[in-house]
């Protein structure tokens with residue numbers, strides 16, 4: 001498959017997972033920041049990784065001329081009118097250059113129509129991917145059971161590497177001629193030809209969502225026939241503390257009562273995953289969700305104590321090597337299934353264990 005030379009504009013750390021686990025269709029050549037503070041830095045700077053070899057630019061006019069497709073990143077803008085105006089200008093000039101645009105940034109309907117008309121005039125396309133796919137109302141009343149193994153990926157805090165690990169696992173399965181389908185709230189699923197769904201996007205999961213989620217997953221099983229379904233849970237699995245509660249783990253609980261997990265990966269912060277914590281959280285999960293944690297990932301993030309508590313945890317990134325050592329100590333010295341899954345040797349160990357547990361039975365899967 002010929003890949004399209006692609007530029008990402010308004011790049012943030014959220015898009016690093018796309019670069020590290022690129023979709024089949026896109027070749028990410030140009031990475032554009034809307035400010036100058038990141039210009040000239042390797043994208044790994046944002047997460048304190050080893051250098052990836054892709055440098056951030058601020059010269060969007062030059063880069064859009066050299067690419068075929070422009071992706072406008074999924075960023076939240078509330079009061080920054082200057083940034084909004086800049087993005088509108090970039091979109092307009094890109095379409096006038098005859099380049100294709102995929103826009104994840106929320107636009108008013110009138111502006112969407114304006115850009116779609118401009119794209120048509122310049123014989124290109126403008127696709128706005130903001131609104132999630134609406135699920136149909138409940139139409140099935142029979143008992144729904146799943147034959148496909150289901151993996152849950154849950155997190156201690158938001159953006160704790162869960163989505164990148166889901167993408168990485170999907171691509172590793174593909175190397176073994178197996179198909180993994182990801183279900184998540186992340187709009188970037190569209191780039192991998194996976195949909196993202198309203199049940200994993202709404203602020204709260206409603207009572208009516210339980211059956212809808214089950215029907216959704218069953219529909220994926222029947223229509224796509226995957227070897228594995230990977231569900232990236234939409235919210236942290238528990239409250240972080242008394243101040244930062246997220247949704248108290250309600251989303252994770254509802255989904256766990258709707259769909260049984262055959263395997264659960266928990267992604268936590270560095271310096272938190274101790275032997276005692278792993279034992280206690282595992283017991284908590286078994287009683288609350290009905291399944292244990294199969295494996296743990298240690299993210300190279302620690303809490304930033306300089307910030308006052310808000311709606312979510314503020315973190316800073318530490319060198320990945322430190323968390324690799326943490327994982328090694330817990331795994332090798334205490335026998336825990338703990339990994340730093342952005343590290344390739346750790347990921348391969350994890351993958352071998354997961355594959356053996358889900359598929360490689362001499363007696364078949366129960």
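Read-outs throughout are calculated quantities, based only on the coordinates presented, and are distinct from any laboratory measurement. On a predicted model such as this, the values are computed, not experimentally measured, just so you know. As a convention, Cβ positions derive from the backbone with ideal geometry for all residues, glycine included, and neighbour counts pool all protein chains shown.
In units of the compact-protein estimate 2.2 N^0.38 Å, segment 227-366 shows a Cα radius of gyration of 1.10.
Among 245, 183, 338, whose mean-square fluctuation peaks in a Gaussian network model of the chain (Cα, cutoff 10 Å)? Per the Cα network of the chain with a 10 Å cutoff, 245 tops the list. Relative to the longest principal Cα axis of the chain, at what angle does helix 209-224 sit, 0 to 90 degrees, rounded to 10? Orientation of helix 209-224: about 80 degrees from the principal axis.
Against the chain, whose longest principal axis is taken from its Cα atoms, helix 344-358 shows a tilt of about 60°. Could you tell me what % of all Cα pairs in segment 68-126 have separations over 17 Å? That fraction is 32 percent.
Once Rh is set to the Kirkwood radius over Cα pairs, what Stokes-Einstein translational diffusion coefficient, in µm²/s, holds for segment 4-128 at a temperature of 4 °C and a viscosity of 1.567 mPa s?
Working: Rh = 14.8 Å.
For these conditions, the coefficient is 88 µm²/s.
The spread of Cα positions in segment 218-306, taken along each principal axis and listed from longest to shortest, comes to 48, 26, 22 Å.
Placing a label point 7 Å from the Cα of residue 250 along the Cα-to-Cβ direction, the residues of segment 154-182 whose backbone N falls under 18 Å from that point are 158. Among 279, 104, 115, the residue with the largest mean-square fluctuation in a Gaussian network model of the chain, with springs joining Cα atoms closer than 10 Å, is 279.
So if each residue of separation counts as 0.36 nm, and I subtract the Cα-Cα distance between residue 239 and residue 276, what length gain in nm does that give?
On the way: separation 37, 0.36 × 37 = 13.32 nm, distance 1.80 nm.
In short, 11.5 nm is gained.
Dividing the mean sequence gap of close Cα pairs (under 8 Å, 6+ apart) by how many residues the chain holds gives a relative contact order of 13 percent. Extension gain, residue 332 to residue 45: 0.36 nm times the residue separation minus the Cα-Cα distance gives 100.3 nm. Helix-only arithmetic for the chain: the sum of -39500 (n - 2.57) across DSSP H runs with n ≥ 4, divided by the residue total, places the mean residue ellipticity at 222 nm at -10000 deg cm²/dmol. Sorting the Cα pairs of the chain by distance into bins of 20 Å, from 0 upward, gives 27, 58, 15, 0 percent per bin. Using only the alpha-carbon atoms, how far is helix 162-175 inclined from the longest principal axis of the chain? Give it as 0 to 90 degrees, nearest 10. Tilt of helix 162-175: around 90 degrees.
Of all DSSP beta bridges located in segment 4-128, what percent are antiparallel, nearest 5?
Working: 1 of 20 bridges.
Around 5 percent antiparallel, to the nearest 5.
Computed extension length for residue 158-residue 260: 34.5 nm, one decimal, from 0.36 nm per residue of separation with the Cα-Cα distance subtracted.
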